[in-house]
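Visitor: Mind having a look at this structure? Questions to follow.
No value in this document is a laboratory result; all are computed from the given coordinates. Not measured: the values here are computed from a predicted model. Positions of Cβ are generated from backbone atoms using ideal geometry, with glycine treated the same way; all protein chains shown enter the neighbour counts.
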Amino acid sequence: MNYTANYHLPQWDETDRIMRTDFNRMCADMEAGMTLNAQAAQTACQISDDLDQKTLKRLRRLAYNHYSTVQDMDPFPWQAGVFHQNPAKDKSGVTNASLLNGVYYAGKNPAGTMLGSIGSYMQQSARMTLVKNDLAACTALQADICVPVNAYVNRIGLSGNIRGNVPNTPFPVRLTLTNLDTGEVEASRLLDIAQSIGDGSTSNDFRDCFLAFYAGQHYRLQMEPLAAVFTGDMSIQATGNQAVVLPANSTAPISAVHTMREHEESSGGLLIVRGLIHSGTLTVSWDGRPVPLHATRMVQISDGRMVREMAYYRNETIPAETEFSLQFNPGEHGSFLFYDWGAVLL
């Protein structure tokens, strides 16, 4: 009997007897070889899929980093496969929203709601205490706030006592608004509250500072001194001159639509929406189909606001003409500060 050169399979001559053991051994060897080949092919496919996923993640990271670099350029530079829209500057395709302190807003409150000053909803637990030239001895102002409906304030009033100040010396403080129900910081910005007097008391010292409050949410407001330019103390002045304001009610869902037209199809894409949402429902669609939220985090944008960044991925062939849309329905008392959105095609 002869055998094949590579796999030692039997080759019967015309005069050889076909033995059962030889035939079964040949079939077993063939089975083992085919099984090993199938396993090797499966392993190779898995390695290829893993490499494809790693490559896709790296492309997404590059796309995100590129988008983050250019999104605040004004004017936004034209680029193939990239779009960015800030509705406050370009409202095309955006409906049923109103401009609120430089950001488009949609929300709903009970009809006939009346609000007073911030003092009606605030409990101050600590004054800002100051020791000149000794920042370590200074303490932060702290107050807890809960407003029953969606609302905002445009400015914060301060009062206090001052000793040893050089008039108009820069006095930086960091203002932070933390949502105690979610644990997220929703505002963080620097204010200069320099005082015009050297010694004495001050009141009605109002500082422009937009702060949004969502219905029934519990907040902690802090003002931390970053310099010790005088000795004294500062408190929030709870007067009617810093009224809590109701945004205009939206009776219909806010919506936005944008179409990209490229020269060729893409293999995937990244869509980013930034804003602040309380209650209500945000639906994001791509070519008419809802896309699930992939990742989200709080980020600080160029004007100092803290907003939620929501990322949506699409891992399939995307036609040369593709449409993005979003819709926010406020429900009974939801609200949405819509800062911007954009996409990068891969």
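Visitor: Per-residue counts of other Cβ atoms within 10 Å, averaged by peptide: what ranking do you get for 165-178, 267-280, 284-297, highest first? Could the numbers behind the result be given before it?
Guide: Details: 165-178: 15.8, 267-280: 20.7, 284-297: 12.4.
Listed from highest to lowest mean packing, they are 267-280, 165-178, 284-297.
Visitor: Also, I was wondering about something else. How large is the dipole of the range 118-242 about the Cα centre if only Lys and Arg carry +1 and Asp and Glu carry -1, each at its Cβ, rounded to the nearest 20 debye?
Guide: Values: 8 positive and 11 negative charges, 33 e Å.
In total the dipole reaches around 160 debye.
Visitor: Moving to a separate point now. Specify which residue in the list Gly33, Pro10, Asn109 is farthest towards the positive end of the charge dipole of the chain, using unit charges on the beta carbon of Lys, Arg (+1) and Asp, Glu (-1), about the Cα centre.
Guide: Farthest towards the positive end: Asn109.
Visitor: Can you work out the base-10 log of I(q)/I(0) for the range 118-242 at q = 0.10, 0.18 1/Å, using the Debye formula on its C-alpha atoms alone?
Guide: With no solvent term, the Cα-only Debye profile gives -0.30, -0.92.
Visitor: Also, I was wondering about something else. Which value, in debye to the nearest 20, describes the size of the charge dipole of the chain about its Cα centre when Lys and Arg Cβ atoms bear +1, Asp and Glu Cβ atoms bear -1, and nothing else is charged? Mind dumping the intermediate values first?
Guide: On the way: 26 positive and 34 negative charges, 243 e Å.
With Lys and Arg at +1 and Asp and Glu at -1, about 1160 debye.
Visitor: Among the GluC sites (Glu not before Pro) within the range 296-340, which fall in a DSSP loop and have no more than 13 other Cβ atoms within 10 Å of their own Cβ?
Guide: On the way: sites: Glu309, Glu316, Glu321, Glu323, Glu332; in loops: Glu316, Glu332.
Those satisfying the criteria are Glu316, Glu332.
Visitor: Assign unit charges at the C-beta atoms only (+1 for Lys and Arg, -1 for Asp and Glu), then state the dipole size of the range 97-191 relative to its Cα centre in Debye, rounded to the nearest 20.
Guide: Values: 7 positive and 5 negative charges, 71 e Å.
Rounded to the nearest 20 debye, it is 340 debye.
Visitor: For the chain, what is the convex hull volume of the alpha-carbon atoms per residue, in Å³?
Guide: Numbers: hull volume 82.1 nm³, N = 346.
Given the Cα convex hull of the chain, per-residue volume reads 237 Å³.
Visitor: So what is the calculated 222 nm ellipticity per residue for the chain, using -39500 (n - 2.57) for each DSSP H run with n of 4 or more, over all residues, to the nearest 500 deg cm²/dmol?
Guide: Details: 1 runs with 51 residues, N = 346.
Rounded to the nearest 500, the figure is -5500 deg cm²/dmol.
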